[in-house]
Amino acid sequence: MAALIRKDAWKLSAISTWEPTLLWYAKAVGEMSSRPATDPSSWRFQGGVHGYNKNADPFATTGALPKQSVQKKFWNKCQHGTWFFLPWHRMYLGFFEQIVRAAVVKLGGPADWTLPYWNYSDSSNANARILPPAFRQQKLPDGSPNPLFEIEGVNILRAPGINAGNAALIPPDDVSLSNCLTESFFSPETDITVGDLGFGGPATGPNHDAQVFGQKSVENAPHNAIHVDVGGEWTQGAKTLRGWMINPDTAALDPIFWLHHANIDRLWSVWNGISPSNANPTGAVNVGGRKISWATSVKFAFHNAAGVAVTMKPSQVLNTRTGPFAYDYDVTSSPLVAHAIAAVAASTRRTMTPQPRSEMVGASSRKVTLTGSAQTTTFTIQEPSGPAKARGKAALAPLLGKTYLHIENVVSKQSHATYEVYVNLPEKPDAAAYQEHYAGAMHLFGVRHASRRSEQHAGSGLNFSLDITELARALRAKNAWDDKKIRVTFAPRGAAGEPGRAIPEHDPIKIGRVSIYRA
Amino acid sequence: MQVQNNAPEAGTLQTLSDRFPEFWMLGVSAVAWLALAAWTGRHIHFAGVAANWWHWMLMVTAMMLPLQIQGVRLTAERSLWPRRNRAIAWFLLGYLSVWALAGALLSWIVLVLSIPLRFGWMEGAAIGLFLETAWLISPWKRVAARQCHRTLPLSPTGWRADRDCLGYGWIAGCGCALNCWPLMLVCWLSGHSFIAMVVAFGLAWADRHATPNYTLHAMVAGFLGAAFGVLSWVR
């Protein structure tokens, strides 16, 4: 079967707000939403596969849920903070697309319908970071309610301003591809949880409890960032409201979720295509004593369009064109200027680049509590005496080796506020200082779940690994780096994306520890 | 840029220990297995709480330490290099403390209730395995399983670092005890039978590392329990 092509939703929108692909999608969402949750092809069932919690279910009073045995087998299965993040979501989207296509055909639409993607990183499109217009219209062309805006009479909750087309709510940094697309390997070859964690994320067993995000993982940004930015969190009177996209248990109920993940899936194809050495893992990793092969060790269960339960391994979805879903994207070339100028030379083909072993050289000894204003922690740095010692003394660090900032056990029972991380920020920073000392941001998608002990989660919160090698070099060049001490500042991101402004007080976000690693 | 590795050449043991921080812990566990094999017949009765307790701790060292590879790696990864082995030691002390308390309680109970005199070792193993089967299909098992993945922030230096590693080991021990209590009962009810210990260790390893299909694990445990039960009846 020839591969069908998934298209850029904004290019479709440029033809017409209700270009047929988008209109059929809206109609199919409406059709699927009318099906009972017990039907695997229903909107609610598909949403539950990602995550489900009856306390967060906007349709909790609408009809029966699947049996407990079905929920146990098929629901709450999204993979996060793991090298299975990409293949699991590829399978999830593949089966979803087949189910939607069947609904489209049932409604009289084309049999070659494909799921569009939202390319929020397209620098040639001034509107890229705005939700495509079809998702912001209250009505369909025939005057009936738009299922991309409301589902079965329930408004789809999104961050205030998202439906009004406010691009400032998604800062350019959140959709920048300069980190993930320049990553040179998929996953580390060991089960490390510090340092460079690859484009695809750390090697783990099947993992619904997201714990660790590397800065260069596509899951960190743009994936987590978009979930937080589009979903949003705000107060209405005494109540805190959260958009569907910010909560893993409701995210897949928002029709934009699927276009977001189609783009993430596309970025996987883009990354593979940059160089032959950007290959998917083929070997096995010893994870806490167990050898796990990314490609073959784990099977994931879904329903196909016929409602039949099937299982699939990552090895079956390596090639989107020749795999079971037979699709491709209209654009899979890298948008980065560096990749356009010169094709990346194919190094010796390897699936996972051996990572230099890193060692911790300093850490904070007290927790950091964030409630709306900037907080700073300072701690000493030691000379490496282990694997990083071979790189030489810290003075040589700019020339040899890498430096990472690790933010550990970030726990929050309520708040998802985005905080930006700065190194050695001056006492009264101006806009230039914020730019020059910027290390990265914490996108807290899933933090509430990760902070709560349950059947699905250990309750230890989230961890972030930021590569500050280049930042350290730049700061050293302007005498703003101290080999023996580091100051790390967490500053809230303001309402319009500006750094450093205090935001309204919120429930505490607690950071267990900040540490620095050399490799 | 090609990075030059100027580190002095390390011995093999040192290299193994550097790359696999769990290396010496597994060595201790292996020695414990050898001691168990040497001292344990199919069914041993011990006189006195202390003797029971020491044997219990030998079992825990042999069977439970290998399940903490991930915890040890994480402890080492999140500690300053010069103190990584000390950090691991404090972690294991915290971990073993949980089992030590459990063992002290059980050692006292076994003598009060005269358990070794009431069960043959195969009957004891069968009862333990049926308890394991019931635990695996209970809703609490899934919550307990997640607790094995908890982590704690560790202070970098000083007594606080030791305290935090001890605390991390303690919560790891609690998670482990919460998950594996029926399997340790298999060993205890069977009078510390070596065969029962090997079976229990295999099930614990599968529980920790295999894909969490608790229904399948319960079927295996139930089958083994039935096998021990039938064998004890036939004999």
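The values are calculated or read from the model by the stated rules, or taken from the named source; none is laboratory data. Since the structure is predicted, the reported quantities are computational estimates derived from the model, not experimental observations. No Cβ is skipped: glycine too gets one built from the backbone with ideal geometry, and neighbour counts run over all protein chains shown. Side chains are part of the model used for accessible areas, which takes the heavy atoms of the whole protein and leaves out ligands, DNA and RNA. Shrake-Rupley method; radii C 1.70, N 1.55, O 1.52, S 1.80 Å.
Report yes if A:S358 is under 29 Å from A:V175 (Cβ atoms), at pLDDT below 90 and within 14 Å of chain B (Cβ to nearest Cβ), otherwise no. Here the answer is yes, as A:S358 does meet what is asked.
Might you check whether a residue that is free of Cβ contacts under 8 Å to residues at least 24 places away in the same chain and open to solvent by 10 Å² or more (accessible area, probe 1.4 Å) occurs anywhere in the range A:245-260? No: the range A:245-260 contains no residue that is free of Cβ contacts under 8 Å to residues at least 24 places away in the same chain and open to solvent by 10 Å² or more (accessible area, probe 1.4 Å).
A quick yes/no check of all residues on (1) within 27 Å of A:P335 (Cβ to Cβ); (2) over 16 Å from the mean Cα position of the chain (by Cα); (3) within 14 Å of another protein chain (Cβ to nearest Cβ):
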| residue | (1), (2), (3) |
| --- | --- |
| A:D173 | yes, no, no |
| A:L181 | yes, no, no |
| A:L197 | yes, no, yes |
| A:Q215 | yes, no, no |
| A:N220 | yes, no, no |
| A:V228 | yes, no, no |
| A:W244 | no, no, no |
| A:G273 | yes, yes, no |
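Checked against (1) touching a Cys at 6+ places or on another chain (Cβ under 8 Å); (2) surrounded by 22 or more Cβ atoms within 10 Å (Cβ to Cβ), B:V98 passes all but a single condition, namely (2).
Within the set B:A226, B:A144, B:A210, B:A177, the sole residue that is at pLDDT below 90 and open to solvent by 20 Å² or more (accessible area, probe 1.4 Å) turns out to be B:A210. Among the residues of the range A:199-213, those identified as of a type in the set (A, V, I, L, M, F, W, C) and either surrounded by fewer than 21 Cβ atoms within 10 Å (Cβ to Cβ) or within 14 Å of another protein chain (Cβ to nearest Cβ) (or both) are A:A203, A:A210, A:V212.
I'd like to verify a number: residues in the range A:271-315 that are surrounded by 15 or more Cβ atoms within 10 Å (Cβ to Cβ), among the hydrophobic types (A, V, I, L, M, F, W, C) and touching a strand residue (DSSP E or B) at 6+ places or on another chain (Cβ under 8 Å), how many? Residues that pass the stated criteria total 8. Quick check, is B:S190 of a type in the set (S, T, N, Q), more than 14 Å from chain A (Cβ to nearest Cβ) and either touching a residue at least 12 places away in the same chain (Cβ under 8 Å) or out of contact with any Phe, Trp or Tyr (no Cβ under 9 Å at 6 or more places or on another chain) (or both)? Here the answer is yes, as B:S190 does meet what is asked. Has the range A:58-79 got at least one residue that is touching a helix residue (DSSP H, G or I) at 6+ places or on another chain (Cβ under 6 Å) and aliphatic (A, V, I, L, M)? No, because not a single residue in the range A:58-79 is touching a helix residue (DSSP H, G or I) at 6+ places or on another chain (Cβ under 6 Å) and aliphatic (A, V, I, L, M). For the range A:39-66, a residue qualifies if it is without any contact (Cβ under 8 Å) to a residue 12 or more places away in the chain and open to solvent by 60 Å² or more (accessible area, probe 1.4 Å), and the qualifying residues are A:K54, A:N55, A:T61.
Please go through the range A:164-175 and pick out each residue that is assigned to a loop (DSSP other than H, G, I, E, B) and either assigned by TED's automatic domain parsing to the domain that holds A:H443 or surrounded by fewer than 17 Cβ atoms within 10 Å (Cβ to Cβ) (or both).
Within the range A:164-175, A:A164, A:G165, A:N166 meet the criteria.
Contact map, the range A:176-190: residues that are outside the structural domain of A:A338 (by TED's automatic domain parsing) and without any contact (Cβ under 8 Å) to a residue 24 or more places away in the chain paired with residues that are surrounded by fewer than 18 Cβ atoms within 10 Å (Cβ to Cβ) and assigned to a helix (DSSP H, G or I), Cβ distance under 9 Å, separation 6+ or inter-chain. No pairs are found. Scan the range A:95-138 for residues that are assigned to a loop (DSSP other than H, G, I, E, B), charged (D, E, K, R) and surrounded by fewer than 19 Cβ atoms within 10 Å (Cβ to Cβ) and the total you get is 3.
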